[in-house]
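Below is one structure; the comments refer to it alone.
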Amino acid sequence: MTEQSFADRVSRWYEQNARDLPWRGPDVSPWAILVSEVMLQQTPVVRVLPVWEAWLARWPVPAALAAESPADAIRMWGRLGYPRRAVRLHECAVALVDRHGGEVPDRLDQLLALPGVGTYTARAVAAFAFGQRHPVVDTNVRRVVARAVAGEPDAGPTTRPADLVATEELLPVEPAAAALASAAFMELGAVVCTARSPRCAVCPVEPVCAWRASGQEAPTGPTRRPQRYAGTDRQVRGLLLAVLREATGPVPRPRLDQVWADDVQRSRALAGLVTDGLVEPAGEAAYRLVGDAPAPAGQPLT
DNA sequence: CACACGTGGAG
DNA sequence: TCTCCAAGTGT
């Protein structure tokens with residue numbers, strides 16, 4: 001079993017079984033693909049779908065988003081989670097206008113320099129939008145390679161340079177075929193070689209899987225630290241932002257104070273939102289989403 | 001390198 | 001209920 005035929009097996013399976021996701025269409029712009037990649041960071045496909053559609057309908061090109069305020073981006077982001085991504089995507093649109101004539105660049109180094117675009121996203125855009133040959137390594141790919149190639153139950157907690165090398169060695173030489181293989185690896189990890197209950201019975205590489213061959217030792221519990229949520233600053237930030245998102249402008253401090261009893265923690269969370277560019281002071285005792293409209297003249301804040 | 005950073009659905 | 005986790009990035 002050569003590396004090449006591994007990619008071939010997965011690619012052929014992908015061509016027959018890939019989900020019909022809108023950002024995979026033939027006429028999807030690099031900008032639309034970039035938006036999808038950012039939204040999909042740590043976020044399930046089903047939740048991204050409607051937001052992606054609405055986002056691209058309103059901002060079909062980077063310049064359209066760049067011309068509006070971060071507040072609009074934060075609202076459009078809805079409840080996707082990690083709303084800093086919305087701010088970064090807005091910053092990214094501004095950068096695209098400023099530095100790249102409003103276009104998404106096709107060079108990896110230029111993509112990496114964009115706000116919110118890291119190792120994964122830069123390579124995903126270079127491969128899926130421009131057909132270049134780069135290893136595209138996300139959590140799905142790392143799991144597939146760890147199991148099928150290395151014979152381990154799971155991948156390590158973070159992406160390391162070695163992961164990129166190992167994945168690159170699996171890619172076909174021809175760029176378009178490599179990009180297809182990358183999409184196929186990700187899809188396999190997403191729907192077949194899943195974290196908890198892998199569906200080995202329908203896996204196209206089951207016959208050559210090193211993990212299966214070695215007895216398929218069970219995954220050794222959670223690789224990551226338990227990610228607590230209740231009672232954290234994260235939860236408080238979420239509550240504060242929900243109020244600001246649904247308001248139409250500045251929100252008086254007293255209304256924000258209602259979302260969480262602990263003064264110290266609430267203040268810390270609000271300060272964090274300001275630091276992160278999501279929220280800004282509006283007047284003496286009010287806050288609003290960054291760039292949001294001021295309070296209507298003569299209208300008391302309530 | 002560890003940690004912060006949202007949200008909601010499945011098992 | 002409660003845990004796990006879903007196409008990561010920035011500090």
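The values are calculated or read from the model by the stated rules, or taken from the named source; none is laboratory data. It should be emphasised that the depicted structure is a prediction, and the values quoted were computed from it without experimental measurement. Cβ sites come from the backbone with ideal geometry, for glycine too, and all protein chains shown count toward neighbours. All accessible areas refer to the heavy atoms of the entire protein, side chains included, with ligands and DNA or RNA removed. Shrake-Rupley method; radii C 1.70, N 1.55, O 1.52, S 1.80 Å.
Details
- For the range A:70-87, a residue qualifies if it is assigned to a helix (DSSP H, G or I) and either among the aromatic types (F, W, Y) or open to solvent by 30 Å² or more (accessible area, probe 1.4 Å) (or both), and the qualifying residues are A:D72, A:R75, A:M76, A:W77, A:R84.
- Filter result (within 14 Å of DNA strand C (Cβ to nearest atom) and of a type outside the set (K, R)) within the range A:153-167: A:P153, A:D154, A:A155, A:G156, A:P157, A:T158, A:T159, A:P161, A:D163, A:L164, A:T167
- A Cβ distance below 6 Å, combined with a sequence gap of six or more or placement on separate chains, defines the contacts here; from the range A:227-248, residues that are closer than 14 Å to A:D262 by Cα reach residues that are open to solvent by 40 Å² or more (accessible area, probe 1.4 Å) and at pLDDT 95 or above in the pairs A:V236/A:W260.
- Scan of the range A:235-249 for residues that are of a type outside the set (D, E, K, R) and within 10 Å of DNA strand B (Cβ to nearest atom), ordered by number: A:Q235, A:V236, A:G238, A:L239, A:L240, A:L241, A:A242
- Within the range A:197-220, if we keep just the residues that are under 26 Å from the mean Cα position of the chain (by Cα) and over 15 Å from A:A146 (Cβ atoms), the residue that is modelled with the highest pLDDT turns out to be A:R199.
- Residue within the range A:115-122 that is open to solvent by less than 30 Å² (accessible area, probe 1.4 Å) and either more than 12 Å from DNA strand C (Cβ to nearest atom) or among the aromatic types (F, W, Y) (or both) present: no
- The test for being within 30 Å of A:T194 (Cα to Cα) and not assigned by TED's automatic domain parsing to the domain that holds A:R245 holds for A:S29.
- Scanning the range A:39-69 for residues that are touching a Leu at 6+ places or on another chain (Cβ under 8 Å), within 13 Å of DNA strand C (Cβ to nearest atom) and not in a helix (DSSP H, G or I) yields a single hit, A:T43.
- Complete set of residues in the range A:131-180 that are of a type in the set (D, E), open to solvent by less than 50 Å² (accessible area, probe 1.4 Å) and within 26 Å of A:P105 (Cα to Cα): A:D138, A:D163
- Scanning the range A:269-290 for residues that are open to solvent by 40 Å² or more (accessible area, probe 1.4 Å), more than 16 Å from DNA strand C (Cβ to nearest atom) and within 31 Å of the chain's Cα centre (by Cα) yields a count of 4.
- Residue check, A:A126 touching a residue at least 12 places away in the same chain (Cβ under 8 Å), open to solvent by less than 20 Å² (accessible area, probe 1.4 Å) and either near DNA strand C (Cβ under 9 Å from one of its atoms) or farther than 24 Å from A:G277 by Cα (or both): yes
- The range A:32-69: number of residues that are under 11 Å from the mean Cα position of the chain (by Cα) and either open to solvent by 20 Å² or more (accessible area, probe 1.4 Å) or polar (S, T, N, Q) (or both): 7
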